Amino acid sequence: MSAQHSWPGWEPRRRAARRRHLVRTALVVGLVALLGLAGLGAGAVWWGTQHYGGQVARIPDAFPAGPRPPRPAGHDGGTTFLLAGVDNRSGRPTTGSGATAPLWKYGAQRSDTLMLVHLSGDRRSVHVMSIPRDSWVHIEGHGSAKINAAFSWGGPPLMMRTVERLVGTRVDHFGVIDWHGFRDLTDAVGGVPVTVREDSYDSARDRHWKAGTYVMDGADALAYVGQRHGLPGGELDRIKRQQQFLVSLVRQMRGKAGLTDPLGTVRMLDAITRTVSVDDRMSNADLRNLVFALRRLDASGTRFATAPIVRSEMIDGQYALILDQKELRTRWRAVETGRAD
């Protein structure tokens with residue numbers, strides 16, 4: 001991890017302009033596969049999604065069977081994604097075209113990051129809602145548990161059903177990346193600049209972090225976004241780090257992908273297809289339409305939030321977060337009907 005010395009001393013105007021650029025390029029954060037294409041010209045986007053879209057790993061039977069929540073009255077016609085980062089206890093890649101192990105095996109992986117993302121019907125706004133992995137929720141067939149156990153017990157379908165029933169929404173598409181993919185994608189872009197805001201010590205990894213700006217490789221990035229011990233806000237500070245890192249990752253990807261650097265673009269798209277998996281209902285045309293929509297979005301229409309929390313408590317010896325489900329549903333309904341602030 002090498003220090004980067006050109007960052008200090010920005011003028012406020014330059015900082016504000018760069019912040020707007022970062023937000024614009026990180027609209028759906030975890031769906032990095034699609035945003036990687038957004039730096040291309042229109043013709044290249046069509047070719048890229050057609051050529052590389054066929055190489056993106058599709059997840060069969062990702063959606064739950066049986067009744068699902070209806071769209072709310074006044075729905076804006078937009079698209080809702082559920083994005084997941086999963087831990088990996090198989091020791092081998094489980095997502096992307098480079099996967100050598102199943103995406104899901106009972107008890108083998110848990111979701112480490114969950115984000116609901118809504119792209120509005122007019123393609124002018126995006127809302128991202130992070131759901132903490134320690135959220136204590138009802139999981140069908142298993143009673144109450146932390147939400148990250150849903151993936152472990154039932155893979156994508158059970159995780160999707162759990163989130164849909166928690167939020168009262170319908171998920172249109174699903175994207176996932178595992179630890180291997182996260183690390184490899186970070187390395188593929190040549191590392192990601194991240195500002196560590198304050199000194200901290202991660203007792204779980206016996207690692208000290210010093211305030212400053214660094215270019216993090218995949219291993220460093222994984223440790224950074226995974227830390228919660230030694231942070232004042234614990235899991236909530238961890239979520240802030242994840243959002244911060246993904247903003248910078250997507251910016252780095254856009255810098256690598258473009259008509260001025262065809263070789264860099266090819267390498268980027270190869271890295272994406274090796275690491276990310278999406279549901280099998282997402283066609284190449286869906287990918288292309290989403291990329292074009294993201295290119296037209298304005299930065300002022302982007303919002304990041306975390307599911308509202310009532311309190312934390314110990315349940316059966318586990319640290320858990322109790323969500324305000326009513327408020328969560330109210331907020332997300334406002335998002336999907338175009339009434340959210």
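Each reported figure results from applying straightforward, stated rules to the coordinates on display, with no laboratory input. Computed from a predicted structure; not experimentally measured. Neighbour counts are summed over all protein chains in view; Cβ atoms, including those assigned to glycine, are modelled from backbone coordinates with ideal geometry.
The gain in end-to-end length when the D324 to Y201 segment is fully stretched comes to 41.2 nm, 0.36 nm per residue minus the alpha carbon separation. Taking the Cβ of L323 as the center, what net charge do the other residues with Cβ under 15 Å away carry, scoring Lys and Arg +1 and Asp and Glu -1? In short, +1.
Straight Cα distances below 16 angstrom link K326 to the aspartates and glutamates E164, E336, with same-chain residues fewer than 8 positions distant left out. Arranged from fewest to most other beta-carbon atoms within 10 Å of their beta carbon, K210, K146 become K210, K146.
Highest average first, the peptides 152-160, 329-337 ordered by how many other beta carbon atoms sit within 10 Å of their residues are 152-160, 329-337. Near K210, which aspartates and glutamates are there with a Cα under 18 Å away, not counting those fewer than 8 places off in the same chain? Within reach: E198, D199, D202, D220, D237. The packing ranking, built from the mean of other Cβ atoms within 10 Å per residue, places the peptides 62-68, 95-101, 271-277 in the order 271-277, 95-101, 62-68, highest first. Residues in segment 108-121 carry Karplus couplings, in order, of 8, 9, 10, 6, 9, 9, 9, 9, 8, 10, 10, 9, 5, x Hz; the curve used is 6.51 cos²θ - 1.76 cosθ + 1.60 with θ = phi - 60°, and Gly or Pro positions show x. Applying 0.36 nm per residue to the separation of A65 and T100 and subtracting their alpha-carbon distance, the gain on full extension is 9.9 nm. Enumerate the aspartates and glutamates that K146 could reach by cross-link, defined here as Cα to Cα under 14 Å, with residues fewer than 8 away along the same chain left out. Here the aspartates and glutamates satisfying the reach criterion relative to K146 are D112, D134, E235, E313, D316. Compared with the direct C-alpha span, the chain from D270 to A223 gains 14.5 nm at full extension, assuming 0.36 nm per residue.
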